[in-house]
There are 2 protein chains.
Amino acid sequence: MPAPTPAPGETKARRRAGRPMASVLNQDGITAAALELVSKKGYDGLTMAALARSLGVAPSALYNHVSSKDEVLKLVEEDLMSKVDFGGFSTLPWEDAVRQWAYSYRGIFARHTPLISVIAVLPVTDAPQTLAMYEAVTEGFLQAGFPEKQIIPCIVALEAYIFGAAFDANAPADIFDSGRLADSTPHFTSAVRSLGPERNNYPSDLAFSMGLDALIAGLGALRV
Amino acid sequence: MPAPTPAPGETKARRRAGRPMASVLNQDGITAAALELVSKKGYDGLTMAALARSLGVAPSALYNHVSSKDEVLKLVEEDLMSKVDFGGFSTLPWEDAVRQWAYSYRGIFARHTPLISVIAVLPVTDAPQTLAMYEAVTEGFLQAGFPEKQIIPCIVALEAYIFGAAFDANAPADIFDSGRLADSTPHFTSAVRSLGPERNNYPSDLAFSMGLDALIAGLGALRV
DNA sequence: GAGATAAATGAACGTCATTCATTTATTGGT
DNA sequence: ACCAATAAATGAATGACGTTCATTTATCTC
């Protein structure tokens, strides 16, 4: 069968007459509802059915505005990106700006780790908020004196660390409990115990701060 | 109805007689089959049905040996951990050992990113391979002169970076293509272009190397 | 009004992980 | 030899879930 060409001599269908039914739905509303749903029920509660119900609509209606659940996740991601604080890059010394940005970035995505697997592999094309962040960060690096060629690798490295740390922030306090195997891992068990008199003291925040300082110092040395 | 107490005067049911049907299945076999399935079909292809079929068995039979699909993922994770190369910690200078370990760790989990969200939050209790790795790494840090209290935070920071970088390694080459919005992000777009004459040159490996060097230098300064 | 348009509906579908009553195979005790 | 106990394996069923599609509903232009 021949391809269904959309009418010869026309690149697009002519919009001749008629307007649709007044829509209750749009991408902004869907995004807001998805965010509220996630904050109340977590990502397990974010189903197309639940999303539709929270909007007072049938699940299939959503597909007139988003092509898939993955697109909903992309919309949520973009919204979160707009909340990351990169303002320091135009006002603070580079080190402080990076720290502020990294803490804000990690803080936001620590509560949205299921998005990380999506983001980390998602092209920034048509993601205005994400691009706005990258633009501001890039400018900050330029003004701090980084060679242009080093900037993207630096950002990639920092983002990798931030995403990894966001996962960490959700680890349970007893993640390093060696249990029955404590005897066979004496040095590790002792190092864990040394963190505090309380058992199972997971050092997510301390570790983030230490690693971030190391990255800032090491990458900062690339400035000319 | 009263609780079904397992017989008064006995804490456990007496094992009186009888042995089971000869089992074709066990956790090792399930793990091996899961790994092979993943390497051939990816994590989308790892379903309980496909796993059962590759073992010549009904899906429900798996549940006599694992309690859930999540447990299958844990088994796979443990197997992968045993393949991470931490041997340098007993033979190489600390910097080189960390580098070798980090590259090996990232290389393995870059092909298993769906596991990262599970691992990062999974207690190490009863995970012998994982604990063996932590023990060796801890020993390496001790011998290099790190104060005991600093070691776990250092490992946590390095692991966060490694996991984040593993995601990155799977990013498409055009992830930084700003597309139609290139005009509104001039500095960022230029920085991306500066990476090479070819468009869309994603610097995952370069970034990993740079960030790792920074972390090694920064954390290494904590030695006494 | 007539006809075009897009949004919304509700009933499906296919894929999953998981449960459960039942059957099958194996063994030790009598 | 047989019986009782045990655990493995089966197959049918369940309940989510994302998604599709023919149909209906509401709105605007001509």
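The values are calculated or read from the model by the stated rules, or taken from the named source; none is laboratory data. This structure is a prediction, so every number in the text was calculated from the model and none was measured. We place every Cβ from the backbone using ideal geometry, glycine too, and count neighbours over all the protein chains shown. Surface areas here come from the heavy atoms of the whole protein model, side chains and all, with no ligands, DNA or RNA. Shrake-Rupley method; radii C 1.70, N 1.55, O 1.52, S 1.80 Å.
Quick notes on this one:
- Cβ-Cβ FRET estimate between residue A:32 and residue A:174, R0 fixed at 41 Å, reported to 0.05: 0.70
- 5 Å-binned pair-distance histogram of chain B (Cα, whole percent): 1, 6, 11, 13, 12, 12, 11, 10, 9, 7, 4, 2, 1, 1, 1, 0
- In the context of the full set of protein chains, the protein assembly as shown has a per residue accessible area of 51 Å² (1.4 Å probe).
- Each of B:176, B:130, B:162 was placed along the dipole of the stretch B:124-210 (beta-carbon charges, centred on the mean Cα), and the one lying farthest toward the positive end is B:176.
- Average beta-carbon neighbours from other chains, 10 Å sphere, peptide A:111-120: 3
- If R0 is taken as 51 Å, the Cβ-Cβ distance between residue B:85 and residue A:53 corresponds to a FRET efficiency of 0.55.
- Solvent-accessible surface (1.4 angstrom probe) belonging to residue A:139, in square angstrom, nearest 10: 70 Å²
- Closest approach of a chain B beta carbon to the axis mapping chain B onto chain A (residue, whole Å): B:164, 2.
- Cα gyration tensor category, rounded, prolate or oblate, for the protein assembly as shown with a/c compared to 1.5: oblate
- In the B-A interface, the accessible area buried, summed over both sides, Å² (probe 1.4 Å): 5300 Å²
- Residues with amide H under 5 Å from that of residue B:47, placed H, sequence gap 5 or more: none
- Chain B, accessible surface, carbon-and-sulfur percent (1.4 angstrom probe): 54 percent
- J(HN,Hα) series, the stretch A:33-44, from Karplus relation 6.51 cos²θ - 1.76 cosθ + 1.60, nearest Hz, glycine and proline x: 5, 4, 4, 5, 4, 5, 5, 8, 10, x, 6, 5
- Charge dipole of chain A (Cα centre as origin; +1 on each Lys and Arg Cβ, -1 on each Asp and Glu Cβ, all else neutral): 880 debye, rounded to the nearest 20.
- Most positive-pole-ward Cα, A:25, A:98, A:45, against dipole of chain A from beta carbon charges: A:25
- Nm distances between copies for residue A:180, ranked from closest, using label points 7 Å along Cα→Cβ: 6.0
- Cα-Cα over 32 Å, subset of A:74/B:41; A:41/A:149; A:69/A:149: A:41/A:149; A:69/A:149
- Relative to the Cα centre, the charge distribution of the protein assembly as shown, modelled as +1 at Lys and Arg Cβ and -1 at Asp and Glu Cβ, gives a dipole magnitude of about 1520 debye.
- Extension reserve of the residue B:96-residue B:190 stretch, reckoned as 0.36 nm per residue once the Cα distance is removed: 30.4 nm
- Chain A: calculated mean residue ellipticity at 222 nm from DSSP helix runs of at least 4, using -39500 (n - 2.57): -17500 deg cm²/dmol
- For residue A:220, inter-copy label distances in nm, listed shortest first [label point 7 Å out on the Cα-Cβ vector]: 1.9
- In order along the stretch A:87-104, phi translates into HN-Hα couplings of x, x, 5, 9, 10, 9, x, 3, 4, 5, 5, 4, 4, 4, 4, 5, 5, 5 Hz, rounded to whole numbers, per the Karplus curve 6.51 cos²θ - 1.76 cosθ + 1.60 with θ = phi - 60° and x for Gly and Pro.
- A point 7 Å from Cα along Cα→Cβ stands in for residue A:21, and the other copies hold the same point at 5.3 nm, listed in rising order.
- Within the stretch B:27-66, the ratio Rg/Rh, alpha carbon atoms throughout and Rh by Kirkwood, equals 0.93.
- ³J(HN,Hα), Karplus 6.51/-1.76/1.60, whole Hz, each residue of the stretch B:60-69, x for Gly, Pro: 5, 5, 4, 6, 7, 10, 10, 8, 5, 4
- Threshold 40 Å² - residues in the stretch B:158-179 whose accessible area is reduced by that much or more when the chain is no longer isolated, probe 1.4 Å: B:160, B:161, B:167, B:168, B:175, B:176
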